[in-house]
1. Return a yes/no flag: does the stretch 52-71 have any residue that is in a helix (DSSP H, G or I), under 28 Å from Ala167 (Cα atoms) and of a type in the set (Val, Ile, Thr).
2. Might you check whether a residue that is open to solvent by less than 20 Å² (accessible area, probe 1.4 Å) and either part of a loop (DSSP other than H, G, I, E, B) or over 23 Å from Ser95 (Cα atoms) (or both) occurs anywhere in the stretch 4-22?
3. Please specify each residue of the stretch 23-48 satisfying the condition of being over 25 Å from the mean Cα position of the chain (by Cα) and assigned to a loop (DSSP other than H, G, I, E, B).
4. Please tell me if Arg178 is surrounded by 10 or more Cβ atoms within 10 Å (Cβ to Cβ) and modelled with pLDDT of 80 or more.
5. Identify, by number, the condition in (1) at pLDDT below 95; (2) closer than 30 Å to Ser151 by Cα; (3) not acidic (Asp, Glu) that Leu24 doesn't meet.
Amino acid sequence: MAPRGHSAHDVAQTALRILDDHGLPDLTMRRLAAALEVQPSALYWHFPNKQTLLAELSDRIVGRMASRTPDDLRVEAHALRDALLTYRDGAEVVSSTLALGLGSTLAHDRLTAAIAAAGFDADTARRGATTVLHYVLGFVWHEQQRLQYDSLGAREGASGLESDDFAFGLDLIADGLRARAGAGPLA
């Protein structure tokens with residue numbers, strides 16, 4: 001029997017709310033169970049461990065980018081950045097899930113498709129997508145850390161990362177792909 005009528009969707013939505021309100025370090029199974037008014041063991045009905053719960057959260061975060069057509073690398077990278085910024089510690093959740101080999105490959109697949117649409121071979125598209133994915137995750141992770149420090153007043157007078165900085169790094173990667181392959185421009 002499912003815990004108190006809570007579905008896997010209810011559990012994941014509540015976990016995302018806790019993630020956004022308190023951050024990844026405070027997203028514990030105990031806190032999640034308390035928010036749902038169940039025993040922690042009841043959560044394992046839907047998610048056998050915290051890693052599978054985090055994989056579900058990662059899929060939901062990345063899934064926010066899925067409404068776009070994967071034919072423009074810059075659009076896809078910006079859509080991923082926006083999706084990661086939707087939730088506090090979003091980049092860390094997605095990055096740690098990918099490192100464990102859990103969760104969907106949606107972000108990588110969409111980036112690969114965008115690079116392939118620009119005329120690159122499958123291997124270059126796959127490897128380029130991995131590079132862009134790591135760049136976006138790292139940039140956003142750093143960006144989210146700065147946002148948290150700024151909200152606590154820990155970085156007085158410091159300027160944050162700018163969207164122009166993100167675009168500049170993305171352009172460097174795209175230009176490098178073009179130079180390496182001698183191909184036409186990436187849209």
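The values are calculated or read from the model by the stated rules, or taken from the named source; none is laboratory data. Remember, it's a predicted structure, so these values are computed and weren't measured experimentally. Note: ideal-geometry Cβ built from the backbone for every residue, glycine included; neighbour counts use all protein chains shown. All accessible areas refer to the heavy atoms of the entire protein, side chains included, with ligands and DNA or RNA removed. Shrake-Rupley method; radii C 1.70, N 1.55, O 1.52, S 1.80 Å.
1. Yes, there is a match, as at least one residue in the stretch 52-71 is in a helix (DSSP H, G or I), under 28 Å from Ala167 (Cα atoms) and of a type in the set (Val, Ile, Thr).
2. The answer is no, given that none of the residues of the stretch 4-22 is open to solvent by less than 20 Å² (accessible area, probe 1.4 Å) and either part of a loop (DSSP other than H, G, I, E, B) or over 23 Å from Ser95 (Cα atoms) (or both).
3. Glu37, Val38, Gln39, Trp45 - these are the residues of the stretch 23-48 that are over 25 Å from the mean Cα position of the chain (by Cα) and assigned to a loop (DSSP other than H, G, I, E, B).
4. yes
5. Unmet for Leu24, out of (1) at pLDDT below 95; (2) closer than 30 Å to Ser151 by Cα; (3) not acidic (Asp, Glu): (1).
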